Amino acid sequence: MAAINTGKVVTGGLVAGLVFNILDFLTNAVLFAEDFRANAVRLGLDPAMMESASGIATWVVIDFVFGILAVFTYAAVRPRLGPGPKTAAIAGGILWAAIALVMLGLTQGGLFTMAFFTKMAVVSLVTMVIGTNAGAWLYTES
């Protein structure tokens, strides 16, 4: 079994992270902007905090870290499942499942409504699969 190519994981991960950032901007700042604002108000939070420079910067960094983790996961399962988009979708799905389960727990604690969680979960699965495929496309073991 070949070793994981760390340089390609980072390179592919940064590309995946860029895709995650673009898609997250479109979904969170455009598609779900009102949902996020309403949820913040429901919780007694200041919606402007989500749109602050530090709030946005935190999520930009998180998306790049997720990109690296997604491509690392792809590289780890690739020898068993083979290279390609299906394996990248599985790798992205693994990360998505972990995130979605935590978010479901937080939803049960009242942080999100079930309707909002469901919308976010569906869109984030699509985002994770697309971004992971973008990063995995650049990954090779040599």
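Look at the dipole of the chain built from charges on Cβ: of G17, L69, T87, the Cα furthest out on the positive end belongs to T87. Quick one: angle between helix 33-42 and the longest Cα principal axis of the chain, in degrees between 0 and 90, rounded to 10, please. Helix 33-42 sits at roughly 50 degrees to that axis. Measuring nothing but how far apart in sequence close Cα pairs (under 8 Å, 6+ apart) lie, relative to its length, the chain scores a relative contact order of 44 percent. Which log10 I(q)/I(0) values does segment 1-82 give at q = 0.22 Å⁻¹ under the Debye formula, counting every alpha carbon as one identical point scatterer? Computed log10 I(q)/I(0) values: -0.96. For the chain, modelled as a GNM whose springs connect Cα atoms under 10 angstrom apart, the maximal fluctuation among V41, V15, V61 occurs at V41. Remark: segment 6-136 carries a charge dipole of roughly 540 debye about the Cα centre, counting +1 on each Lys and Arg Cβ and -1 on each Asp and Glu Cβ. Between the residues T27, I99, G7, the greatest Cα displacement towards the positive end of the dipole of the chain, with unit charges on the Cβ of Lys, Arg, Asp and Glu, is found for G7. Each distinct pair of alpha carbons in segment 6-136 adds a 1/r term; the inverse of their mean, the Kirkwood radius, is 15.2 Å. Taking the Cβ of V9 as the center, what net charge do the other residues with Cβ under 13 Å away carry, scoring Lys and Arg +1 and Asp and Glu -1? With Lys, Arg at +1 and Asp, Glu at -1, the neighbours total +1.
Take 23-34, 73-84, 122-133 and order them by the average number of nearby Cβ atoms within 10 Å per residue, most first; the result is 122-133, 73-84, 23-34. Within the shell defined by Cβ-Cβ distances under 13 Å, the residues around A40 carry a net charge of -2, with Lys and Arg each +1 and Asp and Glu each -1. Taking other residues whose beta carbon is less than 13 angstrom from the beta carbon of M128, and scoring Lys, Arg as +1 and Asp, Glu as -1, yields -2. Each residue of segment 56-73 was assigned a 3J(HN,Hα) from its phi angle through the Karplus expression (A = 6.51, B = -1.76, C = 1.60, θ = phi - 60°), giving 5, 4, 4, 5, 4, 5, 4, 4, 5, 5, 4, x, 5, 4, 5, 6, 4, 4 Hz with x at Gly and Pro.
Rule-based calculations on the coordinates, nothing more; no lab input. Keep in mind that what you see is a predicted model, and the values were worked out from it rather than measured. All Cβ positions, glycine included, derive from the backbone under ideal geometry; neighbour counts span all protein chains shown.
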